[in-house]
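Have a look at the structure below, then the notes.
Just so it is clear, none of the values below were taken in a lab; they were calculated from the coordinates. Treat the numbers as computed from the prediction; the structure is a model and nothing was measured. No Cβ is skipped: glycine too gets one built from the backbone with ideal geometry, and neighbour counts run over all protein chains shown.
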Amino acid sequence: TGSYTFVIVAQGDTPVYGAEFLAAAKKDGQDTSHLNQLIIHAALDMVDDAVWTSNNMYLKTVDKFNELLISAYVTPGHARMMVLHDVRNEDGIRSFLHDVHELYVKVLLNPFHSAGAPIRSDTFDARVRALAKKYLT
């Protein structure tokens, strides 16, 4: 099992949700969460370029940084779901992003939620973490 950093970036490059799923061995080391966020946001241009070369919403690995890989999924509303990971797990990441997309659509269908607003729902967070446990470990 590896370490994963997950971010949803809405239109206008606004981050609306983020979570880290760290392997037990990595929790002891230094805090790299800011570096991980920087790497993900630096890859946004790569995702925007990859959107035009693929008909799929799941774009697979779009960028690399040292031993870290960045996989992306772009919704029809152009929200980008990005995962920074250190192990190859294409099928698990694809399933995770597909199921998170379904949860994200449910959030957007809530009349009390604005499309570009940060997602602060504890239920959404718990469900994303459950999906991460299911597919990414």
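On the stretch given as region 104-137, residues that are of a type in the set (Val, Ile, Thr), under 16 Å from Phe6 (Cβ atoms) and under 15 Å from the mean Cα position of the chain (by Cα) total 2. Residues of region 47-60 that are assigned to a strand (DSSP E or B), crowded, with 16+ Cβ neighbours inside 10 Å and touching a residue at least 24 places away in the same chain (Cβ under 8 Å): Tyr58 alone.
Condition check ((1) among the aromatic types (Phe, Trp, Tyr); (2) more than 27 Å from Ala126 (Cβ to Cβ)) across all residues:
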site: Ile39; (1), (2): no, no
site: Val47; (1), (2): no, no
site: Val51; (1), (2): no, yes
site: Tyr58; (1), (2): yes, no
site: Leu69; (1), (2): no, no
site: Asp91; (1), (2): no, no
site: Phe96; (1), (2): yes, no
site: Val107; (1), (2): no, no
